[in-house]
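The next block holds one structure in the form of structure tokens; read it before the comments.
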């Protein structure tokens, strides 16, 4: 929902332009190199996603790449995407301003509020003729940025929101050492057991063009 910079990481900040430094975080979401609680998580490669009873996890697919995940619980949903970011500066201020402009231009409305992770956007989006409330949350980490979007009951129900906020707080981002442009999505992958299931299915079906993503834009795993 925001445009990616095309300049290389070495040119992340233009000379003379000051950007907000990455804030010191005293709790998650966590970087893979930080000490973090040892709880059950789904290993998606670039992101380790906590799970709990009754959770359903859907993977967002763009082409043949997995770029995000959605956690569904009860009547609420948390969509999360991880992106590369500069080494010494955060991008949530910039992304938040872009989101506000785009939401307003699309006929929606939004206002900034203070949430458990810092500044966030409380928005109202016109979707299929119905106005839907949405929360946009951003967290700047070391060389990565994590965006969370909360929809459903958790937007208006504080107790339901706490469940998804805890999920976001316990995510572990695995940025890796490869060079990436700011705002480039950190690619995810199927969990090992899901990859094995796809490979087994491929071995049982005929035809050379089997595509595990052909059934739709999302792959669902219920835990």
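The values are calculated or read from the model by the stated rules, or taken from the named source; none is laboratory data. Given the structure is predicted, the values throughout are model-derived calculations rather than measurements. Every residue, glycine as well, gets a Cβ built from its backbone with ideal geometry; the counts of neighbours run over all protein chains shown.
Results, tabulated for the structure shown:
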item	result
Single match in 157, 128 (criterion: at pLDDT below 95 and surrounded by fewer than 18 Cβ atoms within 10 Å (Cβ to Cβ))	128
Subset of region 138-153 [closer than 30 Å to residue 33 by Cβ and not in a loop (DSSP other than H, G, I, E, B)]	138, 139, 140, 141, 144, 145, 146, 147, 148, 149, 150
Odd one out for residue 162, checked against (1) at pLDDT 95 or above; (2) surrounded by fewer than 16 Cβ atoms within 10 Å (Cβ to Cβ); (3) within 24 Å of residue 59 (Cα to Cα); (4) in contact with a strand residue (DSSP E or B) (Cβ under 6 Å, 6 or more places away or on another chain)	(4)
Residue 41, sole failed condition from (1) more than 12 Å from residue 170 (Cβ to Cβ); (2) out of contact with any helix residue (DSSP H, G or I) (no Cβ under 6 Å at 6 or more places or on another chain)	(1)
Boolean, residue 57 is in contact with a helix residue (DSSP H, G or I) (Cβ under 6 Å, 6 or more places away or on another chain) and part of a strand (DSSP E or B)	no
Residue 19 in a loop (DSSP other than H, G, I, E, B), over 20 Å from residue 190 (Cα atoms), modelled with pLDDT under 90 and touching a strand residue (DSSP E or B) at 6+ places or on another chain (Cβ under 7 Å)	yes
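Yes/no per residue for (1) farther than 23 Å from residue 174 by Cβ; (2) assigned to a loop (DSSP other than H, G, I, E, B); (3) at pLDDT below 95; (4) over 14 Å from the mean Cα position of the chain (by Cα):
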{"position": "1", "(1), (2), (3), (4)": "no, yes, yes, no"}
{"position": "4", "(1), (2), (3), (4)": "no, yes, yes, yes"}
{"position": "7", "(1), (2), (3), (4)": "yes, yes, yes, yes"}
{"position": "24", "(1), (2), (3), (4)": "no, yes, yes, yes"}
{"position": "49", "(1), (2), (3), (4)": "no, no, no, no"}
{"position": "95", "(1), (2), (3), (4)": "no, no, no, no"}
{"position": "99", "(1), (2), (3), (4)": "yes, no, no, yes"}
{"position": "111", "(1), (2), (3), (4)": "yes, no, no, yes"}
{"position": "119", "(1), (2), (3), (4)": "yes, no, no, yes"}
